[in-house]
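Remarks on the structure that follows.
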Amino acid sequence: MLDIWNGAQWGDEGKGKIVVPAMRRFGYKANARYQGGNNAGHTIYLDGQKIVFKQVPSGIVVPDTYAIMGNGMVVNLKALYMDELKRLDELGIEYSKRLFISDKAHVIFPHHIEYEASSATSKKVDTTKKGIGPAYTDKTARKGIRIGDLMDAASDSAKRKDAAEMLRNNGATNPEEALCEQLRHLERIAPYVRNTTFLLNGLIEQRLDILGEGAQGTLLDIDHGTYPFVTSSSTTAGGAATGLGIGPRRIRKVISVAKAYTTRVGEGPFPTELNDPTGDRLRTRGDEFGSVTGRLRRCGWFDVPLVRYACDMNSTDKLVLTKLDVLDEEDTIKVCVRYDGIREGEIPFDLANARPVYKEIRGWKRPTKGIQRFEELPSKAQDYVDFLKDAVGRDFLAVSTGPRERDLIWI
Ligand code: IMP
């Protein structure tokens, strides 16, 4: 069956950190990404080595499992092999018979990136400038080029002409050259391209389990996020069905990941944001710098109405709480429990108008880093987790207490 693991906030919740231990613990046979591209940065630490996955599902580090890049993704072919496959080669991680890329995923072309560099919308939203929005725009306008189209163009001159024509209409300055360049990149990844829908459904037929990995977070979803300050894909659990080609009845459960506080990269409303020394402290202690663009992450307190909204939209079964240890030195921790003038459990249409009402909680002021058993957490830290559980209305499956794979409490 398919289980979905996605982010409950604005991304960077620590999904990469949790996916690998989850693959091992629950015996998933495959890790499949269902949306986004190299705007994502899923960081893991493996034997002391830092690896940042952007397009390849992070579960590739788990031997004997498949890593599948689904049809809902937009793919930068060059970055895929120059950046990530090269890194896997350096680390000696074998992937030749385990990595599969959907022939229906769309290709990010250089003109998408060029267009974004000067687009007013991209500046307003403060995007990652990876060409993600323009690639999805071409897709929904039915003028995108899929990896399968490139495969066809490589062997069929009529299809090659069509693809060049499409690129010209889409604003590529030198379409023939752009196509040739992508065809060169394609040679490096062609062995991994296939119809991943058949592969995934075949695994389910064999009663093997798949971990569907979301990128970005629920509040960046194109439909349900803080529009227009969102990414261009469906980050919510619903997006996993279309982004992988697996029917909703094959979804068994949804696990959403939330930080013990909140961060956001880029522009857009952020009710609990801390523009003060506390926010600076969370940023430093939590190493809150974007793993893709190096931008500072904005930091703030945990926002219950937003996480509850995310859980409702995702039909989240259980939550994973990450980075609890970042709060270790706080005297007082605040949690937004509702917004002033808004009925409890609801959020306003425009989040920019939301005025948080906080509950203050005494900090535990003791180190929690690396703790692996819930009972070993300071009692006030246990109380914090229990408070969030009751306020959001979801149990926790795990609590993360540091960046290493073993810094984790399974509950
Ligand atoms: P885009 O996805 O590059 O179009 O950027 C749209 C918005 O989503 C911007 O505010 C980005 O900062 C944000 N964003 C995109 N990818 C990520 C991510 O992986 N983590 C956090 N924010 C992201």
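The values are calculated or read from the model by the stated rules, or taken from the named source; none is laboratory data. Just so it is clear, the model here is predicted, and its values are computed rather than measured. Cβ sites come from the backbone with ideal geometry, for glycine too, and all protein chains shown count toward neighbours. When the accessible area is computed, the model is the full protein with side chains, heavy atoms only, and any ligands, DNA or RNA have been set aside. Shrake-Rupley method; radii C 1.70, N 1.55, O 1.52, S 1.80 Å.
Tabulated results
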{"quantity": "Å² per residue, accessible surface of the chain at 1.4 Å", "calculated": "42"}
{"quantity": "Charge context of Ile333, other residues only, Cβ under 14 angstrom, K/R +1, D/E -1", "calculated": "+1"}
{"quantity": "With every protein chain in place, the stretch 176-287: carbon and sulfur % of accessible area (1.4 Å)", "calculated": "47"}
{"quantity": "Exceeding the 31 Å Cα-Cα cut-off - candidates Lys97/Lys389; Lys97/Lys259; Lys130/Lys323; Lys29/Lys124; Lys86/Lys365", "calculated": "Lys97/Lys389; Lys97/Lys259; Lys29/Lys124; Lys86/Lys365"}
{"quantity": "Principal-axis tilt of helix 157-169 within the chain, Cα atoms, nearest 10 degrees", "calculated": "50"}
{"quantity": "Heavy-atom accessible surface of the stretch 1-46: percent carbon and sulfur, 1.4 Å", "calculated": "51"}
{"quantity": "Neighbourhood charge, 15 Å Cβ-Cβ cut-off, centred on Asp162 and excluding it, Lys, Arg +1 and Asp, Glu -1", "calculated": "+1"}
{"quantity": "GluC sites (Glu not before Pro) lying in DSSP loop within the stretch 332-389, provided at most 12 other Cβ fall within 10 Å", "calculated": "Glu344, Glu346"}
{"quantity": "Percent antiparallel among DSSP beta bridges (both partners in the chain, rounded to 5)", "calculated": "35"}
{"quantity": "The chain: angle of helix 379-392 to the longest principal axis, Cα-based, in degrees nearest 10", "calculated": "60"}
